[in-house]
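Report on the following structure.
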Amino acid sequence: MDIHETVHPPKMAAEDNKAEPAGEGELDRFAIIVRIDLVPGNRPRFAELIGENARSSVRDEPGCRRFDVLAPREGGDRVVLYEVYDDRTAFEAHLQTPHFAAFRDAATAIIAGQTIEEFDLADNAAG
């Protein structure tokens, strides 16, 4: 996965019991931004690990609506994650998944530090 890749699930039909109709309830969603400083030289390995976690999250978790992995254009050993969940409960369920546990166990040694900010989704211009 390219470290700049955006991973998000397709919009689901209203009859699909895994999701609400597109647009409804979006402003009640829970979002996080995770700023990660990597141990120098580990961005390629981290990109592999976070890519699998991101794809598994949007594919396998009904409450995960978006999982973006961002990296500065100038390079370096920083990464930012932007994740959107139906609510805090969906985020907490994400933290209990096997794919997150595998990511955490493999990536811990290459993460020098991180900060996590929590948000309520206030507006979604993308619809």
Simple spin-label estimate for residue 114/residue 59, 7 Å along Cα→Cβ, in nm, reads 2.0
Taking the convex hull of the alpha-carbon atoms of segment 25-120 and averaging its shadow over every direction gives an area in square nanometres of 5.9
The ³J(HN,Hα) series, computed from each phi in segment 49-57 with the Karplus coefficients 6.51, -1.76 and 1.60 at θ = phi - 60°, rounded to the nearest Hz and given as x for glycine or proline, is 5, 6, x, 5, 5, 4, 4, 5, 4
In nanometres, the difference between 0.36 nm per residue of separation and the alpha-carbon distance of residue 82 and residue 101 is 5.0 nm
Once phi for every residue in segment 67-79 is put through the Karplus expression 6.51 cos²θ - 1.76 cosθ + 1.60 (θ = phi - 60°), the whole-Hz ³J(HN,Hα) values, with Gly and Pro written as x, are 8, 9, 10, 10, 9, x, 4, 7, x, x, 10, 10, 9
Quick calc: nm separation of the 7 Å Cα→Cβ label points for residue 121 and residue 28 -> 1.2
Given Cβ charges of +1 for Lys and Arg and -1 for Asp and Glu, the option among 93, 40, 51 whose Cα lies farthest towards the positive end of the dipole of segment 25-120 is 40
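Coordinate-derived values only; no laboratory data. Keep in mind it's a predicted model, so treat the numbers as computed, not measured. Here Cβ is always computed from backbone atoms with ideal geometry, including for glycine, and neighbour counts include all displayed protein chains.
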